[in-house]
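Engineer: One structure, pasted below without further comment.
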Amino acid sequence: MSVLVVLGTQWGDEGKGKVVHYLAEQADYIVRYQGGNNAGHTLIYQGVPFVLHLIPSGILFPDKRCLITNGVVIDPKAFKSEIDILSNKNISTCGRVFISEQAHIILPYHRIIDSVFESCNIKIGTTKKGIGPAYADKVNRLGIRVVDYLEKYVFEELLENNLEAKYPILHDQNINISELKREIMNEYNELADFIRPFVVDTRLLLEKAISRNEKILFESAQGTLLDLDFGTYPFVTSSNPTVGGICCGAGVEPSKIQNILGVVKAYTTRVGEGPFITELFDNVGNFLRDKGQEYGATTGRPRRCGWFDSVIVRHSVKVNGINHLILTKLDCMSGLDTMKICVAYKYKGNVYNEFPASRTIQKYATPIYEEVKGFEGQIKGITNFNKLPINAQKYVKRLEQLVGVKIDLISLGRKRSEVIEVTENVKWF
Ligand code: IMP
C-alpha cells in the first residue's frame, strides 16, 4: 500500500509543483483530486519554464500516469489547450492522462457567473475561471458530468435546463441565451470528441493500482486555508484541498492514505481577498514579493506577502494529519536583518493559539511575534543542512518546534536538484 499526499499548508502557492516534480519520479500515478484550472504550477522543461493548471506536474516523466479524478471540475477548453501545449513540446499524453467520467465540467456561463458574483457579492478575488459556479451546480444537482457531456442528447438537454435556471442572471448581462446555447453546442461537441479517449472510471483504476501496490501520489491544489470547510470562509475556494478531499474526490478509502506531506513556504503569501494576519505592507513585504517572484501563476496578480504564521500551519498539520513537512523558498529570505515568526494571535485581550473560525477575529486579530536574527548570502546550491548560515538553521528549527512536525526537505530553488535532504533516506512511499 503506497499512497502519498502532497498538500499546501497555507493559502496555496507554497511550491507544491516543484515538490511533486521532485517526488513524482518515485510514483506510478500522480493524481489531481479537487479544484480545476484555478491552480497553476510552473514547471521547467529543457530549461524553459511553463505553467500547467489542470494536468498534474508528473507529466514530465514519460512513464508516469496522470489522473484527474471526479472531485475536479474540468474546463474542456482549458484541458485541450494543455494537451496541445504538451504535444507541441513532444511530451506524450496518449495513454498517460486520464480524466474521470464523473468529474463535472465548466462551461462558459460558469465563468460569466463567476465574474458577475465578484462584482455584486462579497468580493472573494476569485480566479474567474468558473470554479465556484461549477461546484455550485454540482451541489444543486444541476451539474453536467463528463459522462453526460459525452452523450450528445443528454448534454443538450442538461445544457438547456442549466441555461433556463440561469436565465435571470444571464439575461441581466444582455446575453442572448439561444445564441449562447448554439455556440456552446457547436464548440463543445467538437471538444467532447477530443476528450473522449481520455475518459475512464478513475476510481476503479485507482482501486486496481492500489491493490497492485503501485505508488500513488495525490497532488492537492490551493492550500488548507483556502479549504471550503477549514479555510478562511468565505474567502476560500469551492473545494476541499485538505486530505479529506481525497476520499470523496477520488473514491479512495481513508485507510489507504499513508503519508501526508505538507508543503510550507518560509514566509506567507496569499492572492485574492480575505484575512491575512501577518500581512506586511512595508518594504519587507515588497522585498519578499521581489525575491520570491510572488505573482500568481494563473492570473499574474501580485501576491500579498507576510511573515510566517505558525498558527495557520499548526491548524493545517492538525486538519490533515501531516507527518512530513517540506519547507520552500528559504533562500528568498536571505538579506533580511531580522525575521519575525507569528506564534499566536491577540484579540480584545485574549490570546489565540488555535486558528479562530470567527471572521471578526480573523480580520481584526493582531499577530504576536517572536523576532529572530536574519541571514545573508546565496544559499541556493547548498545541499547540506549544516552548511546553511547558522541563523537560517535556527529559523528552520524554530518553525519545526512551533508547528510540531519535522522538516524533512528544504527546497531552495525551482530546479529539482535544488534541495537539502535534511532527513536522509525518507521513505515517501
Ligand atoms: P477560485 O478558486 O477561483 O474560486 O478563487 C477563490 C480563492 O482561492 C481566491 O482567493 C483565489 O485567489 C484563491 N485561489 C484559487 N486557486 C488558487 C491557487 O492555485 N493558488 C492560490 N490561491 C488560489
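Engineer: I want to confirm something. Restricting to the stretch 281-296 and keeping residues that are within 17 Å of the chain's Cα centre (by Cα) and surrounded by fewer than 19 Cβ atoms within 10 Å (Cβ to Cβ), which single residue is farthest from the ligand (Cβ to nearest atom)?
Structural biologist: Tyr295
Engineer: Got a sec? Which of Lys348, Lys394 is out of contact with any helix residue (DSSP H, G or I) (no Cβ under 8 Å at 6 or more places or on another chain) and closer than 23 Å to Phe287 by Cβ?
Structural biologist: The match here is Lys394.
Engineer: Still on this structure, please answer the following. In the list Ile122, Ile91, which residue meets the criterion of being more than 12 Å from Ile74 (Cα to Cα), of a type in the set (Val, Ile, Thr), within 16 Å of the ligand (Cβ to nearest atom) and over 20 Å from the mean Cα position of the chain (by Cα)?
Structural biologist: Testing whether each residue is more than 12 Å from Ile74 (Cα to Cα), of a type in the set (Val, Ile, Thr), within 16 Å of the ligand (Cβ to nearest atom) and over 20 Å from the mean Cα position of the chain (by Cα) leaves just Ile122.
Engineer: Would you tally the residues in the stretch 3-19 being in contact with a helix residue (DSSP H, G or I) (Cβ under 9 Å, 6 or more places away or on another chain) and within 13 Å of the ligand (Cβ to nearest atom)?
Structural biologist: Residues in the stretch 3-19 being in contact with a helix residue (DSSP H, G or I) (Cβ under 9 Å, 6 or more places away or on another chain) and within 13 Å of the ligand (Cβ to nearest atom): 8 in total.
Engineer: Spot the failing condition for Gln26; the list is (1) surrounded by fewer than 22 Cβ atoms within 10 Å (Cβ to Cβ); (2) more than 14 Å from the ligand (Cβ to nearest atom); (3) in contact (Cβ under 8 Å) with a residue 60 or more places away in the chain; (4) assigned to a strand (DSSP E or B), and only one is missed.
Structural biologist: (4)
Engineer: While we're here: Tell me which of these Pro275 doesn't satisfy, since it passes every other one: (1) over 19 Å from Val20 (Cβ atoms); (2) more than 16 Å from the ligand (Cβ to nearest atom).
Structural biologist: The failed condition is (2).
Engineer: Find all pairs meeting these conditions: Cβ atoms under 6 angstrom apart; at least six residues apart or on different chains; first residue within the stretch 212-239 and within 23 Å of Ile124 (Cβ to Cβ); second residue among the aromatic types (Phe, Trp, Tyr) and within 10 Å of the ligand (Cβ to nearest atom).
Structural biologist: Note: pairs meeting the criteria are Gly223/Trp11; Leu225/Trp11; Leu226/Trp11; Ser238/Tyr135.
Engineer: Something else: For residues in the stretch 339-398 being closer than 17 Å to Val311 by Cβ and of a type in the set (Lys, Arg), which is surrounded by the fewest Cβ atoms within 10 Å (Cβ to Cβ)?
Structural biologist: Only one residue fits best here, namely Lys348.
Engineer: Just one of Ile326, Ile322, Ile260, Ile341 is part of a loop (DSSP other than H, G, I, E, B), more than 16 Å from the ligand (Cβ to nearest atom), aliphatic (A, V, I, L, M) and touching a strand residue (DSSP E or B) at 6+ places or on another chain (Cβ under 6 Å); which is it?
Structural biologist: Ile322
All of the numbers you see were taken from the coordinates with simple rules; none came from a lab. For clarity, every value in this text was computed on a predicted model and none was experimentally measured. Ideal geometry is used to build each Cβ from the backbone, glycine not excepted, and the neighbour counts take in all protein chains shown.
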